[in-house]
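> First the structure, which I've put down as structure tokens, then a few questions once you've had a look.
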Amino acid sequence: MNLKYYNTGIASHLVDEFYSIEYSKKITPFKTTIIPMAYSSIAYIYSGNQHIIQNSNKKRLEGLTIFGQFIKSYYILVKNTGTCCGISFKPTTLFKLTNLDLSKLANKHISLDSIEQDLSKKLNSIFLNYEDNYEKLFKEISLFLNSLPILENKDTLIIDKIILEINEKEGLVCMNEILKTVPFCQKTLETKFKKMVGITPGKYIQIKRFLNLMRKYEKDQIDLKDLIYMYDYYDESHFAKDFKLFTSNSFKNYFKEDYLIVKQALKK
């Protein structure tokens, strides 16, 4: 398997990362776990007979697909050689581009054409025209995304500011701290955040803290007990509870199960 990232260029204010994944004959059939990554994305499935397995339900992935925000893990099954290219958006980007209520896309994989035909048609053309040149593909997507009108108002600015604070503090922030900086009550904040991002701010904080801990574990090989203390988990059982929530597995099985894509993504 080859996971590669590309320069986001002039679309860096909208896109967290561009990526391609190639599945070789050597590793297929291939099954791997995907954990929540705190962003929504759009991917083009070129080939490979690829499926999602979620809550024991199996769904084939074809063409342009939206991956909503997830709060639990799922599996990707690739039956033969193939390729997938994708766009991982900044948390509010998809809302700004489509004005869709992203909470309705949470924990789902949906055909882009079924909910946003014009955007799907234009992106589909780019993905197909540059299938053999990923550098050019993502350059053209950057130009296209940068040319689109985006929805920005005082609410999107406030939500983006909250996201920036959460990210800068690596998820080590509480709701009470955030509420002191915004002109909303908690219920209004949660409603607006969920619409623009797909999940509540509390869940976003929880996922970001977990991801930052796991990223340090994968990149720096810091002792797990030190990381649990560093990221304000009360004890190992508290961390184990989050690990089970986001991966549907125990930490011991993290070393036994196939988390190939996740581990490569955390090391980037």
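The values are calculated or read from the model by the stated rules, or taken from the named source; none is laboratory data. Computed from a predicted structure; not experimentally measured. Here Cβ is always computed from backbone atoms with ideal geometry, including for glycine, and neighbour counts include all displayed protein chains. Ligands, DNA and RNA are excluded from the accessible area calculation, which covers all protein heavy atoms including side chains. Shrake-Rupley method; radii C 1.70, N 1.55, O 1.52, S 1.80 Å.
> Looking only at residues in region 98-116 that are farther than 20 Å from Thr200 by Cα and surrounded by fewer than 18 Cβ atoms within 10 Å (Cβ to Cβ), which one is nearest to the chain's Cα centre (by Cα)?
The extreme case among them is Ile110.
> Which one of the conditions (1) over 14 Å from the mean Cα position of the chain (by Cα); (2) open to solvent by less than 20 Å² (accessible area, probe 1.4 Å) does Gln69 fail to meet, given that it meets all the rest?
(1)
> Please go through region 125-136 and give me each residue that is open to solvent by less than 80 Å² (accessible area, probe 1.4 Å) and either of a type in the set (Lys, Arg) or in contact (Cβ under 8 Å) with a residue 60 or more places away in the chain (or both), ordered by number.
Once the filter is applied, which keeps residues that are open to solvent by less than 80 Å² (accessible area, probe 1.4 Å) and either of a type in the set (Lys, Arg) or in contact (Cβ under 8 Å) with a residue 60 or more places away in the chain (or both), region 125-136 yields Phe127, Glu131, Tyr134, Lys136.
> Among (1) open to solvent by 60 Å² or more (accessible area, probe 1.4 Å); (2) at pLDDT 90 or above; (3) touching an Asp or Glu at 6+ places or on another chain (Cβ under 7 Å), where does Arg60 come up short?
Single failed check for Arg60: (3).
> Just need a number here: residues in region 151-184 that are within 12 Å of Met196 (Cβ to Cβ), β-branched (Val, Ile, Thr) and not in a helix (DSSP H, G or I).
So the count comes out to 0.
> Please find, within region 190-216, the residue that is farthest from Lys267 (Cα to Cα) out of those that are without any contact (Cβ under 8 Å) to a residue 24 or more places away in the chain, in a helix (DSSP H, G or I) and not acidic (Asp, Glu).
Here the answer is Thr191.
> Let me ask you something else. Without any contact (Cβ under 8 Å) to a residue 60 or more places away in the chain and either more than 23 Å from Leu3 (Cα to Cα) or outside any loop (DSSP other than H, G, I, E, B) (or both): which single residue out of Ile76, Ile66 fits that description? Before the answer, list the steps.
On the way: Ile76 fails: without any contact (Cβ under 8 Å) to a residue 60 or more places away in the chain.
Matching residue, one of Ile76, Ile66: Ile66.
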